Amino acid sequence: MEIECRFFGPFREAVDEDRVLLTVDVDTYSELLVLLENRYPGLSGRLLDDDGGFAGSTVVTRNGTDLRHLDGLDTPVREGDVVRAIPSVYGGCAARRN
């Protein structure tokens with residue numbers, strides 16, 4: 001399937017582009033983020049932490065909605081999705097649980 005990935009701030013610098021159109025064969029955003037970290041070494045450890053969760057306060061959205069408000073990393077990837085990787089200092093805001 002084809003998806004569009006947009007990168008902000010230091011993620012953009014790591015990829016050397018702000019927008020990438022990818023053809024991928026993944027089912028979930030967990031698999032997609034692993035693929036992105038492997039394809040772009042500058043992203044390694046910056047999207048996912050060592051335990052397979054979101055790294056730091058990085059926000060990843062699907063079509064404008066924070067994955068934490070969907071099914072987290074188990075959110076299905078769909079044809080035509082627009083994915084944004086946003087460091088918190090660039091406008092991302094990680095959801096906090098009390």
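The values are calculated or read from the model by the stated rules, or taken from the named source; none is laboratory data. What you see is a predicted model, and the numbers here were worked out from it, not measured in a lab. Neighbour counts are summed over all protein chains in view; Cβ atoms, including those assigned to glycine, are modelled from backbone coordinates with ideal geometry. Remember, those area values only see protein heavy atoms, side chains included, never the ligands or the DNA or RNA. Shrake-Rupley method; radii C 1.70, N 1.55, O 1.52, S 1.80 Å.
Residues in region 35-40 carry Karplus couplings, in order, of 4, 5, 5, 6, 6, 10 Hz; the curve used is 6.51 cos²θ - 1.76 cosθ + 1.60 with θ = phi - 60°, and Gly or Pro positions show x. For the chain, a crude dipole built from +1 on the beta carbon of Lys and Arg and -1 on the beta carbon of Asp and Glu, taken about the Cα centre, is about 460 debye to the nearest 20. The listed residues Leu35, Leu21, once ranked by accessible area (1.4 Å probe) with the largest placed first, stand as Leu21, Leu35. Each stretch of four or more DSSP H residues adds -39500 (n - 2.57); spread over every residue of the chain, this sum gives -5000 deg cm²/dmol at 222 nm.
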